[in-house]
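Take a look at the structure set out below.
The values are calculated or read from the model by the stated rules, or taken from the named source; none is laboratory data. Keep in mind the model is a prediction, meaning the values are calculated, not measured. Cβ sites come from the backbone with ideal geometry, for glycine too, and all protein chains shown count toward neighbours.
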Amino acid sequence: MRRQWENRGRRCAIAALSLVAVLIPTGRASAPAAQEPEEPASEGRLLVLNKHDDNLMVFDVPSYRRLATIPVGKEPHEVVATPDGRKAYVSNVRDKTISVVNLETQRVARTLRSDHFETPHGLAVTPDGRYVLLTSEGSRRFFLIDAARDVILRSVTTTQARSHMVVVLEGGRRAFAANVDSDTVTLLRLPELRIVKHIRVGDGPEGIDATPNGKWVLVALQGADQVAILDAGSGVVLSRLPAGRLPVRVAVTPNSFNALVSNRASNDVTVLDVLARRVTRTVPVGKGPGGVTTNALGSRAYVCNNDSNSVSVISIPGFEVVQTIPAGAHPDGITFVPHRAASKKHIRSSRSSPRSQR
């Protein structure tokens, strides 16, 4: 009996000591619970066309998380977005259509067709979002689309061959289109869609963009491995700067006078100082670089690598590749869509193809 009472006493003592250990702090801080790393604040969306997959990929920036993959028409080449970020327009070369993509529902809302859509290609949106300008290489026409109703307002024929890429200057009253096989750039008046004149610029103009102040137009001359700088008012060629091999696209940063030129054959990007009229850097990227765009802040550039199925992210002003985004088959057309808080900033896009490619 005494042994039972001793055992019971030991158990009570152990229980009491355990309770004290729980109630009295030990002086050691407990480790905080592990937390998931926060995703960086979103700046907007990056739209990437994959020509051989017939789709449009939507990525968040700067996390580069893929938000959607949207089927469009056959062999999409170029993409632009409205300034409010609600819609995108995609030119589909093989089925001769324009896909109107609702970026909120992430679906094609309408498909535009015309008997005169032959190799529809270059696209540009006016800063007020009212009009979309389209080039049609095969029919030698320019089209003006009402972006509110998504209908074709008017068209005009041109004598120039392969009107490829087009840029609308700030204010939306003038546009310049590069004519690859005529070695010219066409100046158009908007919204009348009236051809003002054709300007001879050099061998094989394709990529085209304008500086933020609207003073200069830059044209990538793929046949000369150069970039021509035009006075936007007079159309006079002021300078020609060297680029890499087969320069096919050019994009000017929105808040400076740096221009990035993608060189299809040398697999790199030439960085130009437009004010100083000089080359400042050459940045190696993936294979067959084409479409180029920047974010709204001008702190990063994005280059589609057609033959690497990827997008190179280039830091600005460091001008080095800091990340590579996997894309689909033959990515080319690309544009950045800022959040609506920044929607009044100029949205730039770019797409390219070698002179022999349709």
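Anything in region 304-351 that is modelled with pLDDT under 85 and either assigned to a loop (DSSP other than H, G, I, E, B) or touching a strand residue (DSSP E or B) at 6+ places or on another chain (Cβ under 6 Å) (or both)? List them, or say none.
Ser343, Lys344, Lys345, His346, Ile347, Arg348, Ser349, Ser350, Arg351
Of Arg107, Arg130, Arg162, Arg154, which residue is closer than 29 Å to Gly223 by Cβ and among the basic types (Lys, Arg)?
Sole residue among the options that is closer than 29 Å to Gly223 by Cβ and among the basic types (Lys, Arg): Arg162.
Could you please find all residues in region 43-86 being surrounded by 24 or more Cβ atoms within 10 Å (Cβ to Cβ) and acidic (Asp, Glu)?
Answer for region 43-86, where residues must be surrounded by 24 or more Cβ atoms within 10 Å (Cβ to Cβ) and acidic (Asp, Glu): just Glu78.
For region 140-180, which strands (runs of 3 or more DSSP E) that fit wholly inside it have 2 or more residues that are polar (S, T, N, Q)?
Hits in region 140-180: 151-157.
Give the residues of region 226-264 that are in a strand (DSSP E or B), more than 29 Å from Val311 (Cβ to Cβ) and among the polar types (S, T, N, Q), sorted by residue number.
Ser239
Output the number of the condition that Thr97 fails; it satisfies all remaining conditions of (1) of a type in the set (S, T, N, Q); (2) without any contact (Cβ under 8 Å) to a residue 40 or more places away in the chain; (3) out of contact with any Gly (no Cβ under 6 Å at 6 or more places or on another chain).
Result: Thr97 fails condition (3) only.
Given the conditions (1) among the β-branched types (Val, Ile, Thr); (2) surrounded by fewer than 21 Cβ atoms within 10 Å (Cβ to Cβ); (3) within 18 Å of the chain's Cα centre (by Cα), report the number of the one that Val196 does not fulfil.
Going through the list (1) among the β-branched types (Val, Ile, Thr); (2) surrounded by fewer than 21 Cβ atoms within 10 Å (Cβ to Cβ); (3) within 18 Å of the chain's Cα centre (by Cα), Val196 breaks only (3).
Pick from region 87-118 the residues that are within 16 Å of Leu133 (Cβ to Cβ) and touching a His at 6+ places or on another chain (Cβ under 9 Å): which of them is surrounded by the most Cβ atoms within 10 Å (Cβ to Cβ)?
Once the filter is applied, the top-ranked residue is Ser91.
Please give the number of the condition Thr184 fails out of (1) within 22 Å of the chain's Cα centre (by Cα); (2) crowded, with 19+ Cβ neighbours inside 10 Å; (3) over 21 Å from Ala81 (Cβ atoms).
Evaluating Thr184 over (1) within 22 Å of the chain's Cα centre (by Cα); (2) crowded, with 19+ Cβ neighbours inside 10 Å; (3) over 21 Å from Ala81 (Cβ atoms) leaves (1) as the failure.
Determine if region 204-217 includes at least one residue that is among the hydroxyl-bearing types (Ser, Thr, Tyr), without any contact (Cβ under 8 Å) to a residue 12 or more places away in the chain and either part of a loop (DSSP other than H, G, I, E, B) or under 24 Å from Arg140 (Cβ atoms) (or both).
no
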